Amino acid sequence: MSTAIDRQVETFQEQFKRAKEEVSKIIVGYEEIIDGVLMSLLANGHVLLEGVPGLGKTKLVSTMSDVMHLRFSRIQFTPDLMPADITGTNVVQENAMGEKFLEFQHGPIFSNIVLADEVNRATPKTQSALLEAMEEKSVTVGKQTYRLDSPFFVLATQNPLEMEGTYPLPEAQLDRFFMKLKVGYPTVESLHTILNRTTKVQEPAVGRVLEQSEILEMRKTVRAVPIARPVQDYAIRITLATHPKAPYAYPLTMKYVRYGSSPRGAQALVIGGKIRALLSSRLHVSCEDVRSVALGALRHRILLNFEGEAERVDTDTIIREILEKTPEAS
Amino acid sequence: MPMSDREIIIRSLERVERRIRANRLFCELSFGLSLFLAIPVALKLWDLVSPFTARGISFLIAIWLVAFAAYAGRRMVRKGRLADAATSIDKQAGLYDEFKTAYWFIDNPRSSEWVDAVIRRAAADAQRLDLDRLYPKVFPRTSYIAAVMILAFVALNFVPLPWNHNWLNLEAAPALILTEREQSLLDQAKDLMAQAELMQQSDLAQQVEQIMKQLQEGKISPSQALQQLQNIRNMLEEGNLDMGSINDGLEEIAKDLQQSEDLKEAGQAMLEKQLWQAAEEMRKLAEQMGLNTPDDMRQIQDSLQQASENSRPGLEQLAKDLKDAAEDLRSQDREGAQQSLENAAKELESLAQKMAGQNLKNQASQRLQSLEESLRQRQQKGRDGQQQDFDDEAQRDAQEGEELEDQDGPGRSTSATGKAQQGQPAQQPGQPGTAEQANNDGSGQMPSGNPNAPMNIHGAPTKLDVQLEQETLTGMHEQGTKPEAIEEASKQERSKLDYRNVRSELSPAQKDLLNQDRIPWEYRPLIKQYFQAIRPASKQEK
């Protein structure tokens, strides 16, 4: 017997699948990245994509905007980029009577999907302007506050190799990203597909398959998914296990971690778990769902200590140990 | 009435919990049982080497049962939670926390369509799932180990060894195993007492048998058994006749009777302690009373009168009967005299019976004393924990018992014959003995069948079981056999047997007193010097 909720879930899955398929027409070999980006969008969060140049990060974001019926803007972060270049500024205008007045010129941030390309190349001041907008979903210029349109979704990219002359994002600002996704090198099979699609006369085109209202409805559906206390408890224990002083801490955490995840990490685990549950046709969140989003949700929220930095410890290793050792509650 | 979704889930979880608990219990109990069964198997193996008594087995098995019951009880009390069952079923059926979530929301109700949908879906899955397939009854490997242990235990009980005791048939080693020598002593004492009882209507033999049975079963301690055997011996010795005085009195009476020609044979029989024959002679005299001349009658009267004056303790009635007969003869009351002589004959027979009975009782008492002595020694050794010595001793005693049995064999056969006579005295003077009795070597177990053999009223003579060993002297072959060499060789003969079996008339208390030797030999001079030093000055001068 099909109920309204079942239909709601089916619709969610169908819309998600449709969007993913459209993106996959252009982006090849990054199933998980596409999933993560879409999940972040549906979770009302933002994504930090990390990967070397040329892997299609920017292409992914532009394709996402093409697939969704949303306004898209791209900001190339450079050291001389000013906050006003992002948020917009008041400019002097003259009316028909010749009177001059100040008028706010909206910056590129006033879009639904914002690509902040190479976000670590801008100065901290400029980065802060973006990150404040990400959190507050509003921009204040002068004495005036301007609300950003919903959905507001920032996809920031950064290059982990060329660190010279860059300004790494501070931890507090990293925490504002729902997920940090690592874009790896595509496989041979994927490269074949990429070359086949991009070196011909006709490049594949994508259509807009997801409306703004649908995205907002999907967000509501995500929030409605119930989670039992034992599963939530599991997410909390995973989050707490990232803290070296916590009773749940494991050896790697105690050795290499200076600060663990904030409560935003637990939120990301739960919301990400809810989306995963819906995608698996389940009406409840399981511990497996929480585990599946843990890497993306926590890797940028763990701050390594000197020893961890010196030994170039990957936070994914620490999270994997936590996932392996944290028992499920019953 | 159809069940609600919540009821379906709860029922399923309860069922799963029961099955998980049953499987867990089975696993834990079979594991525990296999471990616990190692104990009785080990005990049974030990029992084959050193048998346990019934009390020991009962104690160990009781401890084992209590420990296992405590273990099993503790395991059984542990009840699982439905939340755990939900987690388990999720894992088993790959339901990704569906039951866990549903049960949590059943426990913590919330008004939400989504929650209702979760519960509804879980209930549908609960009906769809084959819980018996998901949770089959498990036979853990440890159950096979437990079965093997049980089989081993049963098999050990049926090992065909003479010293194996089948615990399953409630058999156990007796608390005390009598050595062959002790068993021989006991049997002899029982036989002797049974014969004495036939004459005196008592049940001491049964009492002794009862005591030994209780001792062997461990119902009474060795010290209690010793005390009871001592009581039996005291009872045996109660009312003993003064045999020396009676013998002396009989001898004097006999001599007096021999002064008359008609009473000469009766007197001779009395002198030879053949009292049954003497009684017969008395009866003959009474029957022939009318045929005697007046002079003979006077002579008889005088002899009887003189004999009646030898009254001693135990012979009062005989003296009175003889005196009555003399007076009847004096008053020419022939019938009265005949009656008095008949009474005297009966008294003689009674006396013979009493003496024979006492002889048997004395011998039984001696056997009991030997038995007591043996048990006391074993008790002492048991206290010292010298179990090995005990076994060696039992072995030696068995050998000695065989020898003792060989020596006592004829006496015991006579006893058996006496027993078969159902109430008759074992032997009567003047009656021909059986072939076995004729072969009696006079070791004193019973009065001999030989009418001329004196009655051994002091029991069997004490013999030393000494077996001498010839030792070779150096130089004998070169120098030839000289008288000195033979004498030297004789001096150097050594006994291969110890002297423990030499019977002593001393009571255990007396022996203990005599054998007290707690002062080490090397300290004795020092102690002597000490006491000499502290002597008063006046005595020192002396």
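The numbers here are math on the coordinates, done by the rules we state, and not lab data. Quantities reported herein were computed from a predicted structural model and do not represent experimental measurements. Cβ: placed from backbone, ideal geometry, glycine included. Neighbour counts: every protein chain shown.
Peptide B:96-108 has a mean of 6 when you count, residue by residue, the C-beta atoms of other protein chains within 10 Å of its C-beta. If a spin label sat at a point 7 angstrom from the Cα of B:Ser112 along the line to its beta carbon, the backbone N atoms of segment A:279-307 nearer than 14 Å would be those of A:283-286.
With helices as the sole contributors, chain A gives -14000 deg cm²/dmol at 222 nm; each DSSP H run of n ≥ 4 counts as -39500 (n - 2.57), and the sum is divided by every residue. Ranked for footprinting exposure by Cβ neighbours inside 10 Å, fewest first, A:Glu324, B:Glu14 give A:Glu324, B:Glu14. Amide H to amide H, with H built 1.01 Å from N, A:Leu49 comes under 5 Å of A:Ala156, A:Thr157, A:Gln158, A:Leu181, counting only residues 5 or more places away or on other chains. With the simple model of a label 7 Å out from the Cα in the direction of the Cβ, A:Lys220 to B:Ser538 spans 13.2 nm. Under the simplified labelling scheme, the A:Ser281-B:Leu60 pair shows an inter-label distance of 6.5 nm, with each label point 7 Å from Cα along Cα→Cβ. Between B:Ala42 and B:Leu151, what FRET efficiency comes out of the Förster formula 1/(1 + (r/R0)^6) with R0 = 22 Å and r the beta carbon distance, rounded to 0.05? Once the sixth-power term is evaluated, E becomes 0.90. Percent of C-alpha pairs per 10 Å bin in segment B:1-65, short distances first: 18, 26, 17, 15, 12, 8, 3.
Against the main long axis of the alpha-carbon atoms of chain A, helix A:4-26 sits at an angle near 70°. In this calculation the C-beta distance from B:Ala509 to B:Gln214 is compared with R0 = 22 Å, giving a FRET efficiency of 0.35. A simple spin-label model places the labels of A:Lys125 and A:Glu31 4.7 nm from each other, with each point 7 Å out along Cα-to-Cβ.
Here the calculated FRET efficiency for A:Glu203 and A:Glu324, from their Cβ-Cβ distance with R0 = 41 Å, stands at 0.40, rounded to the nearest 0.05. When B:Trp104, B:Trp64, B:Trp521 are arranged by Cβ crowding within 10 Å, least crowded first, meaning fewest neighbours, the order is B:Trp521, B:Trp64, B:Trp104. Exposure proxy ranking for B:Trp163, B:Trp114, based on other Cβ atoms within 10 angstrom of each Cβ and starting from the fewest, stands as B:Trp163, B:Trp114. Potential lengthening of the chain between B:Lys91 and B:Ala124 amounts to 10.2 nm, from the contour at 0.36 nm per residue minus the alpha-carbon distance.
For segment A:26-44, list residues with backbone N below 20 Å from a point placed 7 Å from the Cα of A:Gln267 toward its Cβ? Within reach of a label on A:Gln267: A:36-44.
For the residues of B:120-130, the average number of beta carbons from a partner chain within 10 Å of their own beta carbon is 1. Taking a sphere under 14 Å around the Cβ of B:Asp333 and counting the other residues whose Cβ falls inside, with K and R at +1 and D and E at -1, yields a net charge of -2.
When chain A is treated as a GNM with alpha-carbon contacts under 10 Å, the residue of A:Glu135, A:Glu103, A:Glu309 showing the greatest mean-square fluctuation is A:Glu103.
Each Cα pair under 8 Å and six or more residues apart adds its sequence gap; the mean of these over the residue count of segment A:221-295 is a relative contact order of 35 percent. Looking at segment A:6-159, the DSSP beta bridges with both ends there are about 45 percent antiparallel. The stretch between B:Gln377 and B:Leu271 holds 33.8 nm of extra length on full extension. This uses 0.36 nm per residue minus the Cα-Cα distance. Each Lys or Arg adds one and each Asp or Glu subtracts one; over the other residues with Cβ under 12 Å from the Cβ of A:Arg176, this totals -1.
Residues with beta-carbon under 12 Å from that of A:Val91, excluding A:Val91: net charge, scoring Lys, Arg +1 and Asp, Glu -1?
Counting the neighbours of A:Val91, the net charge comes to -1.
Each eigenvalue of the Cα gyration tensor of segment B:272-330, multiplied by 5 and square-rooted, gives one semi-axis; in descending order these are 20, 15, 9 Å.
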